[in-house]
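Taking it in order: structure first as structure tokens, then the write-up.
The values are calculated or read from the model by the stated rules, or taken from the named source; none is laboratory data. Keep in mind that what you see is a predicted model, and the values were worked out from it rather than measured. With ideal geometry, Cβ positions are generated from the backbone for all residues, glycine too; neighbour counts draw on all protein chains shown. When the accessible area is computed, the model is the full protein with side chains, heavy atoms only, and any ligands, DNA or RNA have been set aside. Shrake-Rupley method; radii C 1.70, N 1.55, O 1.52, S 1.80 Å.
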Amino acid sequence: RKAEEAAQLNNLGFVRREAGALVAAIDDFRAALAIDETLDNDEGRAYDLRNLAIALARSGESEQALRHLEQALTLSRKVSSRYNELQTLLAQAEVLEPLGSDDAAPRFLAALELARTLQVREVEWRALYGLGRVKAAHGERPGARHDFDGAMHVAEQLGRSRESEASSHTRRDLYATALRLALEDDDVAGAFGISERARARRLLDILSSG
């Protein structure tokens with residue numbers, strides 16, 4: 001069936017994208033999108049467009065990625081696909097952030113609120129971390145540190161770290177950023193606490209992998 005072929009192309013594209021084979025991944029996602037367009041499958045198109053956009057963003061094609069993400073968001077809401085909507089909001093925020101766009105923070109906030117509604121804690125901590133990064137970039141250090149602490153608290157309630165479909169940031173990045181900000185603020189006690197939390201998290205990940 002054509003729908004199954006599109007799903008398989010998405011799976012292949014995901015593997016290639018995460019392996020860094022972006023050109024091949026983009027081809028896979030475009031092929032999946034072409035199939036879902038012939039099937040008039042809006043849910044499939046939303047998924048294809050989001051995956052394609054993430055690969056394009058990682059290739060440096062931010063503007064094209066944002067256009068596809070906006071389409072994916074519209075389609076996700078049309079078919080009431082809340083999970084794809086959530087991942088699309090997070091992806092939009094992470095594309096907008098390095099561009100210095102004022103729209104990044106509202107997208108992170110929207111992703112945070114929806115993640116809490118849907119109880120997707122893996123996205124919740126990533127959205128908090130993103131909000132903290134935006135605040136730090138604007139010199140709002142207390143707010144940034146508060147968000148980083150919130151992100152660490154959520155992440156620490158989870159099991160072994162998993163990749164997010166829409167984000168390339170890891171828990172290690174979170175702890176490293178929070179630690180750097182504490183050190184820049186000469187908060188030795190806070191930095192020590194973050195370091196200990198990071199060590200405990202790594203130990204738990206090692207134990208859970210055994």
Restricting the range 64-82 to residues that are under 14 Å from ASP42 (Cβ atoms) and within 18 Å of the chain's Cα centre (by Cα), the one most open to solvent (accessible area, probe 1.4 Å) turns out to be GLN71
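Can you report the number of residues in the range 83-99 which are open to solvent by 60 Å² or more (accessible area, probe 1.4 Å) and either touching a Leu at 6+ places or on another chain (Cβ under 8 Å) or not in a helix (DSSP H, G or I) (or both)?
Residues that pass the stated criteria total 1.
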Consider the range 1-42. How many of its residues are open to solvent by 10 Å² or more (accessible area, probe 1.4 Å), of a type outside the set (S, T, N, Q) and in a helix (DSSP H, G or I)?
24
Among the residues of the range 43-54, are any crowded, with 17+ Cβ neighbours inside 10 Å and without any contact (Cβ under 8 Å) to a residue 12 or more places away in the chain?
no
Would you mind telling me which numbered condition in (1) open to solvent by 50 Å² or more (accessible area, probe 1.4 Å); (2) at pLDDT 95 or above ARG162 fails?
(2)
